[in-house]
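The values are calculated or read from the model by the stated rules, or taken from the named source; none is laboratory data. As the structure is a prediction and not an experimental result, all values here were calculated from the model. For neighbour counting, all protein chains shown are included, and Cβ atoms are generated from backbone atoms with ideal geometry for every residue, glycine included. Just the protein is used for accessible areas: all its heavy atoms, side chains included, with ligands, DNA and RNA removed. Shrake-Rupley method; radii C 1.70, N 1.55, O 1.52, S 1.80 Å.
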Amino acid sequence: MTTTWIVLGATSAMARPLIRDLAAHGAVMYLAGRDMAELEKLAADCRIAGAPEAHTVKFDARDASNYAEIVHNLAATEGTLNAISFVGTMPEQSEIDASPDLIAGVVMDSMTGPATFLTRLAPVMEARGNGVIVGISSVAGDRGRLGNYVYGAAKAAFSTYLSGLRNRLGRSGVHVMTVKPGPVDTPMTFGKKMPFMTTPEAVAKDILRGIEKRRNVIYTAPIWRLVMAVITHIPEPVFKKMSF
Amino acid sequence: MSFSEIDYAGWGRALRAQGPVSRPESAADLAALPAAPAAGLRRSYGDAALNDGGQMIDMSRMNRLLAFAPETGDLTVEAGARIGEIAALMAPQGWLPAVMPGTGFATVGGCIGQDVHGKNHHVSGSFGAHVTAIDLIQPGGRVTTRPGEPLFRATCGGLGQTGLIASATIRLKRVPGDIMLVTEQRARGWDEHLALLDGSKASYCVGWIDATATGAAMGRGIVEEGEPARGIVKRRDTTSRVPMDAPHFALAAPIVHAFNWAYYHRVPARGRSVARPLGDFFFPLDRIHDWNRLYGQRGFHQFQCVVPLASAPALHDMLSEIAESGLASPLAVLKRMGPGRAGHLSFPMEGYTLAIDFPNREAARALIARLEDRTAEAGGRLYFAKDSLARGAQIRAMYPELPEWQEIVTDIDPEGRLTTDLIRRLNLRSAR
Ligand SMILES: Cc1cc2nc3c(=O)[nH]c(=O)nc-3n(C[C@H](O)[C@H](O)[C@H](O)COP(=O)(O)OP(=O)(O)OC[C@H]3O[C@@H](n4cnc5c(N)ncnc54)[C@H](O)[C@@H]3O)c2cc1C
Ligand SMILES: NC(=O)c1ccc[n+]([C@@H]2O[C@H](COP(=O)([O-])OP(=O)(O)OC[C@H]3O[C@@H](n4cnc5c(N)ncnc54)[C@H](OP(=O)(O)O)[C@@H]3O)[C@@H](O)[C@H]2O)c1
């Protein structure tokens, strides 16, 4: 039976090993994003790695005008349909403080865009009664902090959205998994020394294992579940004086 | 394209560097870079991929497979694509890189930059013999070079000095499947070891050598021959990782002795044939991530030389000196090489190559210096991918095509913006 994946934010540095792996296992790939030239290269990579088909799709989190059309095309595929979103942007908090108008974009990229798309896709998957939706959120969404609270707020919204979507789609056999990465070795973090940094390869493994075990929420690296359990339990009077 | 200040090291971790490093992810990133030397995954042991105090471009994230033509086996990839990932993806489809070094983490850019050899060098030649096009970004602009051109020859084994390799086309070879049929035989001493290597008819052949054995057992080891095949074998999915620098006694002489004894006797006296996953045969060390930390904080050196066939006795004497010293590690390899070399500065020559790791200690450095002199006397050559101790004067006699290479390189990069620590240490870009 055919397995199809649509990847939102397919040019993401974190996404590439996972995309390669899905392709090598014979999935039909729909690679969605803004940079069509880069997406074409990824599609070629997928075909060589073993994907029977790899398509590129124009997707902008800030422009929902073609979502219906994308969903329409996906509805025409056969077999299991799956979706994953890597979309997100994180301007420096200081930049946002200087130009608060940036907030709208941050929320669109991490929340509004992916959620609008997934909500359109949901009925198609519900009708098939199978498939998986994976959303890349962030540990930053677990608690607002000095360094990135607008980004964190957008990710918190997305985590909450995914939790509700899971509640809804679980009833029809569609599984929704929330992924909360800590620092990952990507351009966002390159050259910075950060605790418990993991790699895109390890993230891909964690996601695949999570899907296999039908986990609801995973942290990657897994140690972040513990770290965030501690951080979310620091009393607010103490937390508000901390800076990290 | 942004640069970050980073501390980094060669694989041996004895030589280190610090400076601004940029790691492009896309064609747009690449186009925005200044002229600077490039690195792959820094599996060169010494300073070939270091530029202390200067800019460096890390190509490891430019690793997409761009095009494949099944009629010819021609695969075009971005230069950061790793040999191991290409093998893992293509072998199940019946294709394999025609030449693969002993680590799957080597990138295609690094394999071209060092014109690497594999366990099949005696039949297939070096990496460059299977490259059909190289796309370079030079300080003056982009060019594509193909076999037969002087620029192509200067680029294979050219240590990145002819420009940044953005992508390349390599010709894969057909294989029946993704496993290896491996025959292992004991060689009880030096003469038997050479005889087994000389007599091998296999496509892939290499000798592991017990560099601690002395007397009649001197030169003993295991000769491994392999042929690609189709079948099903149990795969070990797990890799392990060396979590921290080992204490300095981890590779002390008695431990190495015991390890080597066990490793030798693991193969029955009559030999054996076994089926193995491809990776286990070609990249045995890759299963242990960061194994270079086993040598502790000070790091280690690898000595690798090749000597002409007729100089086998000189190599015998070098190995006895190593065995007597008690300094060798378990990682020691002996191989017969063919004549194939694709570049002016390529390492291979028809003869025997010996590669041995040593901890980074005074006594070992002194031993390596003597081995380097002996190599020069024997008419042999040292390998830039491994070297971190040689001196420029020695190297000149070993690489007679250096002046031709220099002429081409000076033309491309007159200001020396692509030079690395190795180039400076060995004066490879100056007239003397
Ligand atoms: C365990 C192990 C086993 C090995 N076995 C073998 C073996 O069997 N045979 C063998 O020949 N070698 C062997 N090697 C050496 C290794 O294959 C070479 O050092 C190879 O060059 C490593 O590739 P890399 O991508 O890490 O390149 P690096 O070490 O990062 O770079 C090597 C050189 O190529 C240049 N370079 C790299 N990428 C580019 C680029 N995109 N554009 C321009 N220049 C570039 C660098 O400037 C440098 O001069 C082994 C190494 C290890 C660690
Ligand atoms: N790196 C980390 O340490 C880390 C940690 C926790 C969570 N995360 C999250 O993990 C995800 C992937 O991160 P990454 O490190 O791989 O970053 P990345 O390379 O910047 O990836 C972000 C992806 O989102 C896409 N995108 C951004 N804005 C978009 C828009 N308006 N419309 C469509 N696509 C848009 C980008 O596409 P373009 O190529 O077109 O820009 C890119 O594909 C992100 O959601 C990030 O927030 C990252």
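For this structure, a couple of remarks:
- Per-residue mean of C-beta atoms belonging to partner chains within 10 Å, peptide B:54-64: 2
- Net charge of Cβ neighbours under 13 Å - reference B:D317; Lys, Arg +1; Asp, Glu -1: -2
- A:M188 contributes an accessible area of around 90 Å² to the protein surface, as traced by a 1.4 Å probe with all chains present.
- Label sites at B:R298 and A:K241, each approximated as a point 7 angstrom past Cα along Cα to Cβ, lie 4.8 nm apart.
- Each part gets one Cα centre, and for the range A:120-158 versus the range B:364-425 those centres are 54 Å apart.
- In the protein assembly as shown, a dipole from Cβ-located charges (positive for Lys and Arg, negative for Asp and Glu) runs towards its positive end, and of B:S60, A:H25, B:V333 it is A:H25 whose Cα lies farthest in that direction.
- Relative contact order (percent, whole number), chain A, Cα cutoff 8 Å, 6+ residue spacing: 17 percent
- Accessible area buried between chains B and A, both sides summed, probe 1.4 Å, in Å² to nearest 100: 1800 Å²
- Point-to-point label distance, B:S4-A:R120, nm (Cα→Cβ direction, 7 Å offset): 3.5 nm
- GNM top mover of B:W261, B:W208, B:W95 - chain B, alpha-carbon springs below 10 Å: B:W261
- Proximal charge balance of B:T72 [Cβ under 15 Å; K/R count +1, D/E count -1]: +2
- Ranked packing of B:131-144, A:10-23, A:102-115, most packed first, by mean Cβ within 10 Å: A:10-23, A:102-115, B:131-144
- Rounded, prolate or oblate (a/c below 1.5 giving rounded, otherwise prolate when a/b exceeds b/c) for the range B:289-432 by Cα gyration tensor: oblate
- Counting Cβ atoms of other protein chains within 10 Å of each Cβ in B:88-98 and taking the mean gives 2.
- For the range B:131-183, the direction-averaged projected area of the alpha-carbon convex hull comes to 5.4 nm².
- Theoretical gain in end-to-end length, B:E192 to B:H316 [0.36 nm per residue, Cα-Cα removed]: 43.4 nm
- The residues packed around B:A332, meaning those with a beta-carbon under 14 Å from its beta-carbon, carry a net charge of -1 if Lys and Arg are +1 and Asp and Glu are -1.
- Rounded to the nearest 10 degrees, the angle from helix B:402-412 to the longest Cα principal axis of chain B is 30 degrees.
- Secondary structure note: in chain B, about 90% of the DSSP beta bridges are antiparallel.
- Mean-position separation - Cα centroids, the range B:287-326 and the range B:24-72, in angstrom: 29 Å
- The mean number of Cβ atoms from other chains found within 10 Å of a Cβ in peptide B:17-26 is 3, as a whole number.
- Per residue, the average separation of C-alpha pairs within less than 8 Å and at least 6 apart gives chain B a relative contact order of 18 percent.
- Taking the average, over residues, of other Cβ atoms within 10 Å as the packing measure, peptides B:45-52, B:290-297 rank B:45-52, B:290-297 from highest down.
- Put simply, the range B:4-58 fits an ellipsoid with semi-axes of 21, 11, 8 Å; these come from the alpha carbon gyration tensor as the roots of five times its eigenvalues, largest first.
- Accessible surface of the protein assembly as shown [probe 1.4 Å, protein heavy atoms]: carbon and sulfur percent: 55 percent
- Note on B:K386: lysines with a C-alpha under 21 Å away, same-chain residues under 8 apart excluded, are B:K119, B:K335.
- At R0 = 22 Å, FRET efficiency that the Cβ-Cβ distance of B:R230 and B:K201 yields, to 0.05: 0.60
- Within the range A:7-133, DSSP assigns beta bridges of which about 10% are antiparallel (rounded to the nearest 5).
- Förster radius 41 Å - calculated FRET efficiency between A:D35 and A:I223, Cβ distance, rounded to 0.05: 0.80
- Averaged over residues, the count of other Cβ atoms within 10 Å places the peptides B:383-390, A:127-134 in the sequence B:383-390, A:127-134, highest first.
- Here r is the Cβ-Cβ distance between B:A393 and A:E201 and R0 is 56 Å; the resulting FRET efficiency, rounded to 0.05, is 0.80.
- Based on alpha carbons, the Rg and Dmax found for the range B:279-345 are 15.2, 39 Å.
- Structure note, pairs A:K41/A:K155; A:K58/A:K241; A:K155/A:K193: Cα-Cα distances above 32 angstrom occur for A:K58/A:K241.
- Beta bridges per DSSP with both ends in the range B:192-322, % antiparallel, nearest 5: 75 percent
- Relative to one another, the C-alpha centroids of the range A:85-115 and the range B:205-266 are positioned 53 Å apart.
- Relative to the compact-globule estimate of 2.2 N^0.38 Å, the Cα radius of gyration of the protein assembly as shown comes out at 1.02.
- For chain B, calculated [θ]222 nm from helices alone, where every DSSP H run of n ≥ 4 adds -39500 (n - 2.57): -7000 deg cm²/dmol
- Probe 1.4 Å, protein heavy atoms only - accessible area per residue of chain B in square angstrom: 39 Å²
- Note on chain A: along the principal axes its Cα atoms extend 54, 37, 31 Å, ordered by decreasing extent.
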